[in-house]
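The values are calculated or read from the model by the stated rules, or taken from the named source; none is laboratory data. These figures come from a predicted structure and were not determined experimentally. Cβ placement follows ideal geometry from the backbone for every residue including glycine, while neighbour counts extend to all protein chains displayed. Surface accessibility is based on the protein's heavy atoms, side chains included, excluding ligands, DNA and RNA. Shrake-Rupley method; radii C 1.70, N 1.55, O 1.52, S 1.80 Å.
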Amino acid sequence: MISAASDQPEDPRRRLVDYGRFNYEQAKRDKETKKRQHVNKVKEVPLRPVTDPHDFQTELEHAIHFLSDGIKVKVSLRFRGRENMLKEAGAQTVDKFIEAIAPWGRPEPPPLTRGRSISA
């Protein structure tokens, strides 16, 4: 005797699905997982040992804007060519920048010198 198809349990591997509904639910799940993730944003402020005072002030304003928005700021000073002899001037520039930005934030690690750059 042959039984009707509705009498047998449905096979979970083969099931007809409304594709639009499936996409909607998948997007909803993806949105929930993104909501729980925390992304650390870091913006980099480039400096040079011979940075013009106006350019220095502009970069300082950018960094203050980022910090007030809750974004971390990385200060990097790069030496090019013969500027490598100006290590002290570069360190002074980074220290001056850190002092100017002190009301809005402080460096997590102290400024580090790596090869041809100083970063904080």
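Values for this structure:
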item: Yes/no for Gly70 being of a type in the set (Gly, Ala, Ser), more than 19 Å from Ala120 (Cβ to Cβ) and surrounded by fewer than 10 Cβ atoms within 10 Å (Cβ to Cβ); result: no
item: Residues within the stretch 23-60 that are within 22 Å of the chain's Cα centre (by Cα), open to solvent by less than 70 Å² (accessible area, probe 1.4 Å) and hydrophobic (A, V, I, L, M, F, W, C), tallied; result: 3
item: Single unsatisfied condition, Glu99 versus (1) under 24 Å from the mean Cα position of the chain (by Cα); (2) more than 30 Å from Val39 (Cβ to Cβ); result: (2)
item: Residue tally, condition open to solvent by 100 Å² or more (accessible area, probe 1.4 Å) and either farther than 14 Å from Leu60 by Cβ or polar (S, T, N, Q) (or both), over the stretch 78-114; result: 9
item: Odd one out for Leu86 among (1) modelled with pLDDT of 85 or more; (2) within 16 Å of Val50 (Cβ to Cβ); result: (1)
